[in-house]
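A short worksheet on the structure shown next.
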Amino acid sequence: MGTRIAGINLSKNGSLAIINDGKVEFYLEEERLSRIKRDRGAKFLVEKYLDGVDAVAICDCYTKYYPKKFLQRTKEKEAVCKVIRNKNIPILDYRQRHHECHAANARYGSPFDDCAVLVMDGKGSVHDHNNLRFCEIESIFDNLTPVFKHYSTFWSEKECKKLEQPFWKDNNFYSDRTSVGQAYRRVSRECGFDELDAGKTMGLSSYGSGRVDLFNEEYGHSLCSKELYAKEDSTGYYGHQEPVDLAYNLQKSAERHAIYMVAMAINLTNNKNVCVTGGFFLNCVANYAIIKNVDVNLYADPLSYDGGLAIGSALLAYYEHFCN
């Protein structure tokens, strides 16, 4: 038996994967056992499937909770770690390497020996800079070496007041704008869906028309428009668009943004082999738009949402610590 590494995702779609000498041996999501849709836990998984593993890599995501919910989630995650410790299995903590775990899942699952990797999702790991708290929302890697990151304050009023305007630092971009993933959450709610039902918003967009202006190129980068966060008044949000036209605006704006980001990845890495991952790239319509508009060899990670982090974290651990 080879080196067996378990990866555990404690974000949305809680999941567990086992990698045996770099190959996926096992993968399952907690919801299949708990029957709770998108279950964020891993309680049943760690109790049943950790026998015979050499190490466990844990990945998570930064999320703001109300105090009561934060305490509940913290206790649930600590219970998972306690089960692992009781089994005397070494733990590798990758909870601050969210985008790297996404990137590893795409990079090692792709057919490429050499590639760029683009990660776009709702929220990644926390990043502190100049006494401000940011969160990664977009990353570009040359294989697994980071060459660009976009960090956002996520509209924390206190922090946005300190951030006079978006700025570049060490080839990374710091802004007060939201991510494409969070934009889909907000628009999905406005369309009457659950905030995680971005696929429904993508589908609804095919019936809409009109403006395409929710992402614009500002400060030398493609950014979500501040109009998406306009104050609510008696007639509604977002320039008073109907939900179907708002979905269209977001979908087409997001496609344009994705095309921009893939072109940026190619330019920064000088490589036309591009892997895309992160929850946004479940958007098959946007992926097709990339293929139509960019000269690229595209690999879309089939487990690009957070469930795939279990595989990504295990692969990252294997190639960093157990493989020559």
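Over the Cα atoms of region 26-114, what Rg and Dmax result, in angstrom?
According to the Cα coordinates of region 26-114, Rg and Dmax are 14.7, 46 Å.
Lysine pairs in region 1-125 with alpha-carbon atoms under 13 Å apart, 8 or more places apart or on different chains: how many are there?
9
Under the Karplus relation 6.51 cos²θ - 1.76 cosθ + 1.60, θ = phi - 60°, what is the ordered set of whole-Hz ³J(HN,Hα) values for region 288-300, x standing for Gly and Pro?
Per residue, the Karplus-derived 3J(HN,Hα) values read 5, 4, 4, 4, 6, 10, 10, 7, 8, 9, 9, 10, 9 Hz.
Say we join alpha carbon atoms closer than 10 Å with springs in a Gaussian network model of the chain; which of D170, D114, D197 then has the biggest fluctuation?
Of D170, D114, D197, the most mobile in the Gaussian network model is D170.
Taking every pair of alpha-carbon atoms in region 215-320, give the share separated by more than 25 Å as a whole percent.
36
If you add up the charges near G52, with Lys and Arg at +1 and Asp and Glu at -1, over every other residue whose beta carbon is less than 14 angstrom from its beta carbon, what do you get?
-1
Got a sec? What order do I91, I58 fall in by accessible area at 1.4 Å, biggest, i.e. largest, first?
Greatest to least solvent exposure: I91, I58.
With a cut-off of at most 16 other beta carbons within 10 Å, and DSSP calling the residue loop, which trypsin sites (Lys or Arg not before Pro) in region 172-214 qualify? Please list them. Each step should come with its number before you reach the end.
On the way: sites: R177, R185, R186, R189, K200, R211; in loops: R177, R211.
Answer in residue order: R211.
Using the alpha-carbon centroid of each, what span in Å lies between region 1-58 and region 298-321?
Measuring centre to centre over Cα atoms gives 12 Å.
Accessible area of region 115-188 with a 1.4 Å probe: how many percent of it is carbon plus sulfur?
Of the solvent-accessible surface of region 115-188, carbon and sulfur hold 40 percent.
Accessible area per residue of region 234-324 at 1.4 Å probe, in Å²?
On the way: 3710 Å² over 91 residues.
Here the residues of region 234-324 average 41 Å² of exposed surface.
Quick one: which residues, 5+ away or cross-chain, put their amide H under 5 Å from the amide H of A55? H built at 1.01 Å from N.
So A55 has HN proximity to A6.
Average projected area of the Cα convex hull of region 1-77, in nm²?
5.3
Tell me, what HN-Hα J-couplings in whole Hz come from the Karplus equation 6.51 cos²θ - 1.76 cosθ + 1.60 at θ = phi - 60° for each residue of region 113-123, using x for Gly and Pro?
So the Karplus estimates, Gly and Pro as x, are 7, 9, 6, 9, 10, 10, 10, 9, 8, x, 8 Hz.
If exposed means no more than 10 neighbouring beta carbons inside 10 Å and the site is in a DSSP loop, what's the longest run of the chain without any exposed GluC sites (Glu not before Pro)?
After excluding every exposed loop site, the longest remaining stretch is 1-163.
Cα extents of the chain along the three principal axes, largest first, in whole Å?
59, 47, 42
Taking a virtual spin label 7 Å from the Cα of H321 along the C-beta vector, which residues in region 36-63 bring their backbone nitrogen under 11 Å of it?
54-58
Near M120, within a Cβ-to-Cβ distance under 15 Å, what is the net charge of the other residues, with Lys and Arg +1 and Asp and Glu -1?
-2
Using a 1.4 Å probe on the protein heavy atoms only, what accessible surface does D113 show? Give it in Å² to the nearest 10.
Rounded to the nearest 10, that gives 140 Å².
What is the percent of Cα-Cα separations in region 277-324 that go past 17 Å?
More than 17 Å apart: 48 percent of the Cα pairs in region 277-324.
So what are the radius of gyration and Dmax for the Cα set of region 111-243, in Å?
Every Cα atom of region 111-243 included, Rg and Dmax give 16.3, 55 Å.
Please state the charge dipole magnitude for the chain, taken about the Cα centre, from unit charges on C-beta atoms (+1 on K and R, -1 on D and E), reported in debye and rounded to the nearest 20. Intermediate results must be reported in sequence, preceding the final value.
Numbers: 41 positive and 43 negative charges, 196 e Å.
With only Lys, Arg, Asp and Glu charged at Cβ, the dipole is about 940 debye.
Add +1 for every Lys or Arg and -1 for every Asp or Glu among the other residues with Cβ under 11 Å from the Cβ of N270, and state the total. Write out the running numbers ahead of the final one.
Working: positive: K272; negative: D114, D142.
Neighbourhood net charge equals -1.
With a cut-off of 8 Å between alpha carbons and a minimum separation of six or more residues, what is the relative contact order of region 96-139 in percent?
Numbers: 46 pairs, mean separation 16.8, N = 44.
This gives 38 percent for region 96-139.
Return one number: the angle in degrees, 0 to 90 and rounded to the nearest 10, between the long axis of the Cα atoms of helix 67-86 and the longest principal axis of the Cα atoms of the chain.
30
The values are calculated or read from the model by the stated rules, or taken from the named source; none is laboratory data. Bear in mind that the values here come from a model prediction, so they are computed numbers and not experimental data. So basically every Cβ, Gly included, is an ideal-geometry build from the backbone, and we count neighbours across all protein chains shown. For the accessible areas, the whole protein counts, side chains as well, though only heavy atoms, and no ligand, DNA or RNA atoms are used. Shrake-Rupley method; radii C 1.70, N 1.55, O 1.52, S 1.80 Å.
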